[in-house]
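The values are calculated or read from the model by the stated rules, or taken from the named source; none is laboratory data. Fair warning: this is a prediction, and the values are worked out from it, not measured in the lab. Every residue, glycine as well, gets a Cβ built from its backbone with ideal geometry; the counts of neighbours run over all protein chains shown. The protein model used for the area step is the full one, side chains on, heavy atoms only, and it has no ligands, DNA or RNA in it. Shrake-Rupley method; radii C 1.70, N 1.55, O 1.52, S 1.80 Å.
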Amino acid sequence: METVEGPRPTPSTVSPPHNSAQELPTTTRSTTTNSKKLSLIPLIFLIYFEVAGGPYGEEPAVQAAGPLFAILGFLIFPFIWSIPEALITAELSTTFPGNGGFVIWADKAFGPFWGSLMGTWKFLSGVINIAAFPALCIDYLKRIFPIFSSGLPRYLAILVSTLLLSFLNYTGLNIVGYAAVVLAIVSLLPFILMSLIAIPQIRPHRWTSLGQKGVKKNWNLFFNTLFWNLNFWDNVSTMAGEVDNPQKTFPLALLCAVIFTCLGYIIPLIAVTGAISVDQNEWEAGFMAEAADMISGKWLKFWIEIGAILSVIGLFEAQLSSSAYQLLGMADLAFLPKFFAFRSKWFNTPWVGILLSTVVALGVSYMDYTDIISSANFLYSLGMLLEFASFLWLRRKFPTMKRPYRVPLRLPALILLCLIPAGFLVVIMAIATKIVYLMSGLMTVAGILWYFLMRFCKSKGWLKFSRVVVEEES
């Protein structure tokens, strides 16, 4: 075994024995004891909150294209986007079961520069998304308590809620996982009740409506709504080192989460579009609460609004965990200084990653960040294109590597599996505004400069970095 410090070798330096399966070592260490590791049930709900958190936010698809296209979108889009992304995440997370996730995959496929750039793209897109959740939580809360509508009370509410939710994250991933189970049950129950109550009111012909006459289709809004509600399946990969028996747990958890998420979207959508007929322009984000009032009464509307707050809490916790453990994994891989891997003595959580993610999210949450959010989605799309390329290249580069879970397709079929969602990403990126191109370019340049700065600090010994262990098989 050879211990090296500084520039890290890529998988091409690992020479497997002839006529045997290739196997690379676990890429990052985990100091989490088995009793504190994530089991199947909390992992399912953490993935659920990484991606969805409930039917909140699917309404603009109806506003943009009418009931029929919205229903078809939420039926078809999972097969061309969610399932391919989940399958790739399952294979790569079980092959490289360490914290860092997609950073590890890009590093193993193309080397440390691309691993670092992947980390920049994903981290920035993640923390900017995190910033939206406390503000969204306050937006729902102000319907109940109008004092939070504006001014100092609103700013203080965002600050306090962000700090409290971050502290919950600090108390441990297992606690966050089981909290996600409770949050999901409470926030989804009103939608289950609404769907059942709506059954006698459903008129099937409403499902075939292509939208109101005179209302122009907004395909940009339609596809962005689908994309926003059904992506981020790979975020959970950054916590693979904290999962109990990830080789078996990850594929099953992803399968359950895909089914759970898709049903959570399509059932309420079918129920509401079949039960009520309203002006298409009323289908804005949050309309499900108004629909509950029409179908059953104000008590159900109130429950859905409370459920929305709980859902936002779940989304915040899941995505903060992903960002924090990504930084820990990057420190273990020597992309970041060693102190980023420091864990709490009480809860064994990556407190430096949680603190940094919280500070950045707080800074963004007070800004008018419409273009910043669009730029974050652009960076996420760049990261996904690199992720698809990493997946295909690792299959070609290490065809006989031991893979606890393997997508049951040969390379040509895998290329097709990746091309369809990749084409969709290119379309999303092509319709971006000039300011989004500029901001995304600046953040990418910053990520490139950061990589070379870390290399320089490493060569000068100015900062301490983890020692990366590479095992050679003879």
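Listed values, structure above:
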| read-out | value |
| --- | --- |
| Residue identified as without any contact (Cβ under 8 Å) to a residue 60 or more places away in the chain and assigned to a helix (DSSP H, G or I) among 130, 138, 104 | 138 |
| Residue check for residue 181: within 22 Å of residue 261 (Cβ to Cβ) and open to solvent by 20 Å² or more (accessible area, probe 1.4 Å) | yes |
| Selection count where residues are in a helix (DSSP H, G or I), in contact with a Pro (Cβ under 9 Å, 6 or more places away or on another chain) and loosely packed, with under 15 Cβ neighbours inside 10 Å, scope region 269-284 | 0 |
| Residue in region 82-96 that is part of a loop (DSSP other than H, G, I, E, B) and buried (at least 24 other Cβ atoms within 10 Å of the Cβ) present | yes |
| Condition met for residue 184 (touching a residue at least 12 places away in the same chain (Cβ under 8 Å), closer than 30 Å to residue 333 by Cα and either in contact with a Ser or Thr (Cβ under 7 Å, 6 or more places away or on another chain) or assigned to a helix (DSSP H, G or I) (or both)) | no |
| Complete set of residues in region 106-122 that are closer than 15 Å to residue 332 by Cβ and open to solvent by 10 Å² or more (accessible area, probe 1.4 Å) | 108, 112 |
| Test: residue in region 450-458 that is out of contact with any strand residue (DSSP E or B) (no Cβ under 6 Å at 6 or more places or on another chain), outside any helix (DSSP H, G or I) and free of Cβ contacts under 8 Å to residues at least 40 places away in the same chain | no |
| Top-ranked residue of region 431-449 - restricted to ones that are among the polar types (S, T, N, Q) and part of a helix (DSSP H, G or I), ranked as surrounded by the most Cβ atoms within 10 Å (Cβ to Cβ) | 440 |
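Residue-by-condition table, conditions (1) of a type in the set (S, T, N, Q); (2) under 16 Å from the mean Cα position of the chain (by Cα):
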{"residue": "212", "(1), (2)": "yes, no"}
{"residue": "215", "(1), (2)": "no, no"}
{"residue": "218", "(1), (2)": "yes, no"}
{"residue": "222", "(1), (2)": "no, no"}
{"residue": "226", "(1), (2)": "no, yes"}
{"residue": "232", "(1), (2)": "no, yes"}
{"residue": "245", "(1), (2)": "yes, no"}
{"residue": "250", "(1), (2)": "no, yes"}
{"residue": "253", "(1), (2)": "no, yes"}
